[in-house]
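Asks: Structure in structure tokens, see below.
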Amino acid sequence: MSAPVDLLPPRASVRRLDSILVDRIAAGEVVERPASVVKELVENAIDAGATSIEVAIQAGGRRLIRVIDDGHGMGPEDLELAVERHATSKLPDGDLGRIVSLGFRGEALPSIGAVARLAITSRRAGDGEGTSLVVEAGIKGRLRPAPGPRGTRIEVTDLFAATPARLKFLKSDRAETAAISEILRRLAVAQPSIRFTLRTESGSPTVFPAESEPGPAAHLRRLGAVLGPDFPPNAVPLSLAREGFALEGHIGLPTFHRGAASHVHFSVNGRPVRDRLLLGAVRGAYADTMSADRHPVLALALTCAPDLVDVNVHPAKTEVRFREPGLVRALVVSAIHGSLRRAGARSATTGAAQALNALRPGGGGPFTLHSGDSAFARPIGTGDRPASTPSFAAPPGFRTPERSGFGEAPQALFAPDLAPPGADLREQAAEPVSGHPLGAARAQLHETYIVAQTEDGIVIVDQHAAHERLVYERLKRERAEGGIARQGLLIPDVVEMAPAEADRLIAAADDLDRLGLSLEAFGPGAVLVRAIPSALSGGSVRNLVLDVLDALEASGVEEGAPGGSGDPLSRRLDAILSRMSCHGSIRAGRRLRPEEMNALLREMENTENSGQCNHGRPTFVTLKLSDIERLFGRR
């Protein structure tokens, strides 16, 4: 066994470190990886008033990082001083409380020059020629005249050559390139008026064109370029100002979500940030419209006076501290709630794309088309006939229902036993299509899904998910307006359970009473229920109580939490209401009359957040007629 290594250095007298070693140590806080270099250099270009910024990298940024901008540029005196530590032009009055630029510490260029070879060429608009300067491993060279356009060109080569131990902590070239791309994406979202270009060794360059006209439309175009073409049709505009803070941008529908929070973009006074307060506010705003394991897609810009936010709290400048964090959080939550409320009954367009893909032959859906000589292998209308008729192979566990939702006509669902005596069944289903976004009900499939015809397609509605959201929103509205309407039980119901569970319910009795559920202790291991919310009447009282108990256990919030919007108690009450509404909604398997289906559609159109259930699943899918025609080769 080898002897232990003595990690303590030999005792020595205190000495002052030389300037180059100081720069290399300080560079560790600023230059963590190639993406850090790109971030600092691009932010400097933005501060210099650039309208076009081009970034080129090789080997994930280890071999080369080149940043070219068309900003104001620097003269010889400024350039020589710019590579000195703590030299900056961005704090003219020295006031750290009023920072209006992205950079301000004066550490980026000297830190980069301490661990790599840094070459700068810059020219101001009025100068006849530019100036170049090289800093290698912390040693500054001489100023030299150099030709070039207005602006600045910076090349960083052999990153960490002066500190090779840092190289082994870098990830693969692919991973480092992805990190650089993410930095540019976030800056592109925050700065839509600037053209960004990223060039790598493989493939064509990534370009985000500048939006010359400011405004929501231009911002949405930039977001489509950065976040993908699916975002604009699934985005909702947002704008709200309050007490010195203004919030603007676009948020994705709750049914348009991703598996990671990397698509949540925030900027504060033009600075991209990853702030826990803002991320927590977003999570709270989407809490009852999105599953806990999913994340929204959005891009919001917060602006305020510089003295209301402190950006000097982290070397990477990605975190901020607000003077009034509670106000900022309330602003974000209120703005998102308001925008989603105004969006009305909307569901993500990607749901329709997934549905159509499942219906296409070989699209991965549950049905597979089989044919000896496939009819889908030739263009339709050529006169050729298939050798055999396509058939549907049902998946395991699938069975044809005893009473199909479709008969000889779409109205076949509306059987005589569901309509008044002597009623014309076709008139029962003759709800007008025009003027209704969700159309008119035409059929019910498997006693679970409502099929409605719209002016330009069809809508398929999950009746249980839709009614669950409607009941939940009704209960929330009644609670906000002063109290949930309750219905007293003619004969109080006794619900038995484990003693610990009964104690939990009794401890929350006051909160539950505000939600329309009145209960009291009835000996050990039992509660006596005297009233339930009117919206939930007709169901099993026992199942309702057990659902509420599950919600209480899941919330994990102790009694005595402070009140107020967004506080733990309010969130727990919403969680209980959500569980209640699931219990009281129309269940799958229930046959509905035509007027019931149309009433459900009309209420969905007039209810906020009706595009998704309480768990974040879509309540309906819209299929355009043109898409359906393409399935059958008509387009």
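Asks: Looking at Pro232, Tyr286, Ala218, which one has the Cα that reaches farthest to the positive end of the dipole of the stretch 211-343 (charges on Cβ: Lys, Arg +1; Asp, Glu -1)?
Replies: Farthest towards the positive end: Tyr286.
Asks: FRET efficiency for Ala218 and Arg142, Cβ-Cβ distance as r, R0 = 56 Å, nearest 0.05?
Replies: In this case the efficiency is close to 0.80.
Asks: So how compact is the stretch 417-635: Cα radius of gyration and Dmax in angstrom?
Replies: According to the Cα coordinates of the stretch 417-635, Rg and Dmax are 20.6, 70 Å.
Asks: Grab the alpha carbons of the stretch 19-206, take their convex hull, and tell me the volume per residue in Å³.
Replies: Taking the convex hull of the Cα positions in the stretch 19-206, it is 119 Å³ per residue.
Asks: I need the phi-derived Karplus couplings for the stretch 135-141: 6.51 cos²θ - 1.76 cosθ + 1.60, θ = phi - 60°, integer Hz, Gly and Pro marked x.
Replies: 10, 10, 6, x, 9, 8, x
Asks: Could you check the simple spin-label distance between Glu182 and Thr197, using points 7 Å along Cα→Cβ, in nm with one decimal?
Replies: It works out to 2.6 nm between the two label points.
Asks: With unit charges on the beta carbons (Lys and Arg positive, Asp and Glu negative) and the dipole taken about the Cα centre of the stretch 19-206, which residue among Leu81, Ala178, Ala108 sits farthest to the positive side?
Replies: Ala178
Asks: Turning to a different aspect of this structure: For Arg321 and Ser13, FRET efficiency with R0 = 56 Å and r from the beta-carbon atoms, rounded to 0.05?
Replies: 0.90
Asks: If Lys and Arg each add +1 and Asp and Glu each add -1, what is the summed charge of the other residues whose beta carbon sits under 13 Å from the beta carbon of Gly538? Working shown, then result.
Replies: Values: positive: Arg587, Arg590; negative: none.
That works out to +2.
Asks: For the stretch 139-213 and the stretch 614-635, what is the separation of their Cα centres, given in Å?
Replies: Their Cα centres are 42 Å away from one another.
Asks: Can you compute 3J(HN,Hα) from phi for each residue in the stretch 296-310, using the Karplus curve 6.51 cos²θ - 1.76 cosθ + 1.60 with θ = phi - 60°, rounded to whole Hz and x for Gly and Pro?
Replies: Running phi through 6.51 cos²θ - 1.76 cosθ + 1.60 with θ = phi - 60° gives x, 10, 7, 9, 10, 10, 9, 10, 6, 5, x, 7, 8, 9, 9 Hz.
Asks: Name the residues of the stretch 96-136 whose amide N is less than 19 Å from a point 7 angstrom out from the Cα of Val313 along the C-beta direction?
Replies: Hits in the stretch 96-136 for Val313 at 19 Å: 96-105.
Asks: Label-point separation (nm) for Asp456 and Glu629, each offset 7 Å from Cα along Cα-to-Cβ?
Replies: 1.2 nm
Asks: What Kirkwood hydrodynamic radius, in Å, does the stretch 211-343 give when the mean of 1/r is taken over all pairs of distinct Cα atoms and then inverted?
Replies: Its Kirkwood hydrodynamic radius stands at 15.1 Å.
Asks: If R0 is 51 Å, what FRET efficiency do you get for Ala87 and Lys171 from their C-beta distance, rounded to 0.05?
Replies: Calculated transfer efficiency: 0.95.
Asks: What does the charge add up to near Gly215, with Lys and Arg as +1, Asp and Glu as -1, over the other residues with Cβ less than 14 Å from its Cβ?
Replies: Working: positive: Arg221, Arg222; negative: Glu211, Glu213, Glu248.
In short, -1.
Asks: Where the centre of each part is set by its Cα atoms, how far does the stretch 270-333 sit from the stretch 465-517, in angstrom?
Replies: 34 Å
Asks: Past 24 Å, Cα to Cα, is the threshold; run Lys39/Lys171; Lys39/Lys168; Lys140/Lys168 against it and keep the listed order.
Replies: In this structure, Lys140/Lys168 exceed 24 Å between Cα atoms.
Asks: Mind checking which of Leu327, His314, Ser262 is farthest towards the positive end of the stretch 211-343's charge dipole, using Cβ charges of +1 (Lys, Arg) and -1 (Asp, Glu) about the Cα centre?
Replies: Ser262
Asks: On full extension of the chain, what length is gained from Asn357 through Glu496, given 0.36 nm per residue of separation minus the C-alpha to C-alpha distance?
Replies: 45.2 nm
Asks: If I model a spin label as a point 7 Å beyond the Cα along the Cα-Cβ vector, how far apart are those points for Ala531 and Val100 in nm?
Replies: 5.9 nm
We did not get these values from a lab; they are worked out from the coordinates using the rules stated. These numbers were taken from a predicted model, which means no experiment stands behind them. We place every Cβ from the backbone using ideal geometry, glycine too, and count neighbours over all the protein chains shown.
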